[in-house]
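Chemist: Below you will find the structure I want to go over with you.
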Amino acid sequence: MAVQDAIPAPQAVEDTAGTVRRKRILRHAGIFLTLILMWEFGSRIGWLDPLFYPRPSNIMRSFWLIYFQNGNVWYHLYATMSLVFLGWIGGSILGIGLGSLVGFNSVLRRFLKPYVIVLEATPRIAVAPLLIAALGFGASSKIAIIVLVCFFAPFINTLSGVMNVDEDRLELFRSMRASKMQVLRKLVLPDAVPIIMAGERLALTAALSGALVAEFIQRDEGIGSLILVYTRNLNMASAFACIFTLTILGFLIFKGMEKIDFYVAFWKYEGGRERVSAKRRAAMEGPDHA
Amino acid sequence: MPDPTIAQSSTHDIVVSGQGVGKTFADGSVIALQDAHFNIKRGSFVSLVGPSGCGKSTLLRLISGLIPPTSGEIAVHGTPVTGPRADISMMFQKATLLDWRTAIENVLLPTEINGTPTKADKNRAFDLLKLVGLEDFAFSFPAQLSGGMQQRVALARLLQTGADILLLDEPFGALDEFTREHLNLELMRIVQEVGATAFFVTHNIAEAIFLADQVVVMTSRPGRMAKIVDVDLERPRPLSIQTSVEFNKLVEDVRETLGEM
Ligand SMILES: Nc1ncnc2c1ncn2[C@@H]1O[C@H](COP(=O)(O)OP(=O)(O)OP(=O)(O)O)[C@@H](O)[C@H]1O
Ligand SMILES: [Mg+2]
């Protein structure tokens, strides 16, 4: 504190930065509120068909209804989320596993390349009805659909991460007479972590879309079927409440993945480097130099 | 590790020797190195100079065992080189540090590859970081270090191997003049301190002579060892030695050889 009192300049700079930030937030909030109000009144005076564009106030009421008064959304939210999670895990294991396998084995790579290209060109979601036909209605076909739509990004990213290892570093490891396993564990895999994480981020978003499509088709449970039911009953306000729920979910997923990336690919972030640097120092100096 | 019986039976103290060493690439269409003969004594500092593409890196990679020669044979401590070995350690133009490891963990990498680092290994790594002037940065990640500092970590890692033959391929080539000069002096001091034999590739003739006991002058197309110039300047050498008459005679000698091709 005393130091800051003595040197007022940085404080002043911070203040202006804070003010600018506050102003910007206020401006955004203002624009947002104006839009909402325009929507509300446009709907009230008949510019917007209230059937398809329910008033924001009605959507808010639906939120209250589905979350608290009826509380029926929780069950479906849970159903969708567990599908997304299981499918994502499955797709990741498949993608990362297959990606490393193909990345390390040049024979396998040459053999599989045409199939990968075909698979890349085909919209994977188109296979969904076939999967349902093969596996029947129920959780297993839903998860299979999600695995199918989300395994590709981790697969391709793992593949390219594993294949694009720096030649000089490989030579360094060879000159140190490292075994294949050591090259893999100490060089190739850690080096590929950031790009694999980028793939995982895409996969999770794809998993959410995949879950919705699966639910649209099966219409038994989950946010996707809920949206379908509400739209059929022309309860657009509740449908919108579900859609905004997905918006929030998507945002949380994005933030969550950012957080995970900060921990597993820490060396890419200044804060991450500082955190781990301090930890490693404590770990090595603690017992040794006590 | 040096084998005492071989050292005694062979002529004096030759640690690295090459007989008619040649290397071609692309099915023989590119002659990277042709018919090289050399005998390098223990503890020598050998500089390699020559134009781009004359086979300097190729020669180092041959000595290190990373690539096999197409003809001839290289022997280290009396035994033929058939692959990478523990008594040889190499450093590249790029620092090639691992971004996810702290400086000290990077220095410990060669030890880790050979087994589990002991407390003594860790202390040694600390000492080496101190030697290159980075004791305060032991727990910094490469991204937190300047290019010169990264290169110094790579130097510490090179020494951590305990190898007594050090191969340095333009190790400070990407750095500015001041940092390079400083690191060259450090390198010269350290190599003498640990009694290693060093091969040092550079494009700079003055630098090559200043550091070396012997300067291998190479010419290109095909890559050849044109001449080995002995540098009989007293050690320790102050920077000012570069303005002396003897020094400039050596520079002339190297220049002439390079110009002859
Ligand atoms: N792996 C390789 N495959 C094919 N040609 C190669 C290979 N490595 C080197 N060469 C060729 O061998 C010759 C010598 O290359 P080398 O890298 O040894 O040169 P250099 O003296 O180190 O050059 P510079 O000073 O530019 O680093 C060059 O003509 C180069 O194109
Ligand atoms: Mg080179």
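Chemist: Decide, for the range B:123-261, between rounded, prolate and oblate: order the square roots of the alpha carbon gyration tensor eigenvalues as a ≥ b ≥ c, take rounded if a/c falls under 1.5, and otherwise choose prolate if a/b is larger than b/c, else oblate.
Modeler: Numbers: a/c = 2.03, a/b = 1.85, b/c = 1.09.
Prolate is the answer for the range B:123-261, as a/c is 1.5 or above and a/b outweighs b/c.
Chemist: In addition: Placing unit charges on C-beta atoms (Lys and Arg positive, Asp and Glu negative, everything else neutral), compute the dipole magnitude of the protein assembly as shown about its Cα centre in debye, rounded to 20.
Modeler: Values: 53 positive and 52 negative charges, 466 e Å.
Dipole magnitude for the protein assembly as shown comes out near 2240 debye.
Chemist: Would you list, by chain and number, the aspartates and glutamates whose Cα falls below 20 Å from the Cα of B:LYS41, excluding same-chain residues fewer than 8 positions away?
Modeler: The qualifying aspartates and glutamates are B:ASP3, B:ASP13, B:GLU73, B:ASP87, B:ASP164, B:ASP169, B:GLU193, B:ASP213, B:ASP230, B:ASP232, B:GLU234.
Chemist: In degrees between 0 and 90, to the nearest 10, how far off the longest principal axis of chain B does helix B:119-131 point, with axes built from Cα atoms?
Modeler: 60 degrees
Chemist: A further question follows. Nothing charged except the Cβ atoms of Lys and Arg (+1) and of Asp and Glu (-1): what's the magnitude of the dipole of the range B:1-140 about its Cα centre? Round to the nearest 20 debye.
Modeler: 100 debye
Chemist: Next question, about the same structure. For the range B:232-261, which GluC sites (Glu not before Pro) pass both filters: DSSP loop (anything but H, G, I, E, B) and at most 14 other C-beta atoms within 10 Å? Each step should come with its number before you reach the end.
Modeler: On the way: sites: B:GLU234, B:GLU246, B:GLU252, B:GLU256, B:GLU260; in loops: B:GLU234, B:GLU260.
Counting only loop positions with at most 14 other Cβ atoms within 10 Å, the GluC sites (Glu not before Pro) in the range B:232-261 are B:GLU234, B:GLU260.
Chemist: Going down the list A:LYS186/B:LYS56; A:LYS142/A:LYS255; A:LYS279/B:LYS122; B:LYS227/B:LYS249; B:LYS94/B:LYS119, which pairs span over 19 Å between their C-alpha atoms?
Modeler: Numbers: A:LYS186/B:LYS56 29 Å; A:LYS142/A:LYS255 25 Å; A:LYS279/B:LYS122 17 Å; B:LYS227/B:LYS249 15 Å; B:LYS94/B:LYS119 29 Å.
Over 19 Å apart, Cα to Cα: A:LYS186/B:LYS56; A:LYS142/A:LYS255; B:LYS94/B:LYS119.
Chemist: Using only the Cα atoms, what convex hull volume per residue in Å³ does the protein assembly as shown have? Numbers along the way, then the final one.
Modeler: Working: hull volume 142.2 nm³, N = 551.
Each residue corresponds to 258 Å³ of Cα convex hull volume.
Chemist: To continue, here is another question. Of A:LEU86, B:LEU62, A:GLN182, whose Cα points farthest to the positive end of the dipole of the protein assembly as shown (charges on the beta-carbon: +1 Lys, Arg; -1 Asp, Glu; origin at the Cα centre)?
Modeler: A:LEU86
Chemist: Specify whether the C-alpha gyration tensor of the range A:6-147 places it in the rounded, prolate or oblate class, a ≥ b ≥ c being the square roots of the eigenvalues: rounded for a/c under 1.5, otherwise prolate if a/b is larger than b/c and oblate if not. Please list the in-between numbers first.
Modeler: Numbers: a/c = 2.60, a/b = 1.42, b/c = 1.84.
Since a/c reaches 1.5 but b/c is at least a/b, the shape of the range A:6-147 is classed as oblate.
Chemist: If one computes the Cα centroid of the range A:74-102 and of the range A:214-290, what distance in Å separates the two points?
Modeler: A separation of 13 Å, based on Cα centres.
Chemist: Would you rank A:LEU26, A:LEU228 by solvent-accessible area, highest first, keeping every protein chain in place and using a 1.4 Å probe? Mind showing how you got there, number by number?
Modeler: Values: A:LEU26 125, A:LEU228 45 Å².
Greatest to least solvent exposure: A:LEU26, A:LEU228.
Chemist: Roughly how tilted is helix B:147-160, in degrees to the nearest 10 and between 0 and 90, from the longest Cα axis of chain B?
Modeler: Once rounded, the angle reads 90 degrees.
Chemist: For chain A, what does the relative contact order come out to in percent, with C-alpha contacts under 8 Å and a separation of six or more?
Modeler: Numbers: 267 pairs, mean separation 60.0, N = 290.
The normalised contact order for chain A reaches 21 percent.
Chemist: Can you list residues from other chains, or at least 5 along the same chain, whose modelled amide H is less than 5 Å from the amide H of B:MET91?
Modeler: Amide H neighbours of B:MET91, under 5 Å, 5+ apart: B:LEU167, B:LEU168, B:ASP169.
Chemist: Not counting ligands, DNA or RNA, and with a 1.4 Å probe, what is A:ARG185's accessible surface area in Å² rounded to the nearest 10?
Modeler: 140 Å²
Chemist: Working with all protein chains in place, sort B:THR179, B:THR58, A:THR16 by solvent-accessible area computed with a 1.4 Å probe, largest first.
Modeler: If we order B:THR179, B:THR58, A:THR16 from most to least accessible, we get A:THR16, B:THR179, B:THR58.
Chemist: Could you give the dipole magnitude of the range A:65-269 about its Cα centre, charging the beta-carbon of Lys and Arg +1 and that of Asp and Glu -1, in debye to the nearest 20?
Modeler: Values: 17 positive and 12 negative charges, 84 e Å.
Here the size comes out at about 400 debye.
Chemist: Right, another one. Mind checking the per residue accessible area of chain A for me, 1.4 Å probe, whole number of Å²?
Modeler: Values: 17140 Å² over 290 residues.
Value for chain A: 59 Å² per residue.
Chemist: Out of all DSSP beta bridges with both ends in the protein assembly as shown, state the antiparallel percent to the nearest 5. Present the calculation step by step, with values, prior to reporting the outcome.
Modeler: Details: 21 of 38 bridges.
Of the beta bridges lying entirely in the protein assembly as shown, close to 55 percent run antiparallel.
Chemist: Also, I was wondering about something else. Working with all protein chains in place, sort A:LEU252, B:LEU158, A:LEU48, A:LEU94 by solvent-accessible area computed with a 1.4 Å probe, largest first. Don't skip to the end; give the middle numbers.
Modeler: Values: A:LEU252 105, B:LEU158 5, A:LEU48 55, A:LEU94 80 Å².
Largest accessible area first, the list is A:LEU252, A:LEU94, A:LEU48, B:LEU158.
Chemist: Now for a separate question. Name the residue farthest towards the positive end of the dipole of the protein assembly as shown from the options A:LEU170, A:PHE137, B:PHE172, assuming +1 on Cβ of Lys and Arg, -1 on Cβ of Asp and Glu, about the Cα centre.
Modeler: Farthest towards the positive end: A:PHE137.
The values are calculated or read from the model by the stated rules, or taken from the named source; none is laboratory data. This structure is a prediction, so every number in the text was calculated from the model and none was measured. Cβ atoms come from the backbone with ideal geometry, glycine included; neighbour counts cover every protein chain shown. Quick note on the areas: whole protein, heavy atoms, side chains included, nothing else; ligands and nucleic acids left out. Shrake-Rupley method; radii C 1.70, N 1.55, O 1.52, S 1.80 Å.
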